[in-house]
Amino acid sequence: MNLLEKIPEYIFLPSCGVCKKLGEGYLCNKCGKDIEKYKIELIESEKINGIQVEKIYLFKYLGIIRRKIIEYKFNDKPYLYKMFCKTIIENKKTCEFIKSYDIIIPVPIYKKRKKSRGYNQSELISREIAKKLNLQMFNNVLIKISNNEMQSKLNRKQRLKNVKNVYKIINKEKITNKDVIIFDDIYTTGSTINECISILKKANVNKIGVLILAKD
């Protein structure tokens with residue numbers, strides 16, 4: 001982060017991402033307690049395409065969490081990544097899970113969609129997590145090569161088909177023999193994450209984990 005990026009934090013007090021209250025960081029105590037109602041912090045382990053994968057889901061995709069993720073992704077509110085990161089970084093169990101990996105990789109979005117939106121919502125959060133917890137973050141290893149239809153518009157069967165052949169590994173030497181955790185904002189059927197795991201497996205990673213902000 002350069003000096004110009006730091007200046008706003010010195011001049012302006014950060015406001016709560018929910019109620020806009022100033023002076024209590026990016027999530028005030030009251031709204032933090034409201035968000036806690038949706039926390040599940042569920043850890044699961046399963047074999048996916050021949051590799052054992054641990055997943056941690058932080059919240060239910062309901063209420064404030066659902067509303068704020070939608071605002072973050074679709075209503076041009078990239079600054080909300082700070083609020084979501086605060087809920088992750090301040091949780092000891094989640095941080096211990098994340099720190100058992102070397103590298104965090106955000107689920108990529110297609111370059112035209114990223115240009116239209118202005119940012120990849122998963123990348124902003126992943127970058128902040130990497131900085132706070134001393135991991136590497138790579139956005140140039142797992143890439144999306146096809147602008148497929150948005151998963152939220154499809155049923156389960158359609159979602160499985162929709163993610164086939166849309167991701168690719170490049171610069172695989174960066175993650176070979178490393179412990180890699182993938183981050184995504186929403187988990188519904190698991191089609192996207194499972195496809196990403198299959199692609200990452202080709203880079204001969206040592207271990208793959210999954211960090212999900214909200215489980216639908």
Measuring from the longest principal axis of the C-alpha atoms of the chain, the long axis of helix 121-133 (C-alpha) lies at a number of degrees, nearest 10, equal to 80 degrees
Semi-axes in Å, largest first, for the chain (Cα gyration tensor, √(5λ)) are 27, 19, 18
Relative contact order, percent, the chain [alpha-carbon distance under 8 Å, six or more residues apart]: 22 percent
Potential extension, Phe74-Lys201 segment - 0.36 nm per residue separation minus Cα distance: 42.6 nm
Rounded tilt (10° steps) of 191-201 against the dominant C-alpha axis of the chain: 60 degrees
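Computed from the coordinates by the stated procedures, all read-outs in this text should not be read as laboratory data. What you see is a predicted model, and the numbers here were worked out from it, not measured in a lab.
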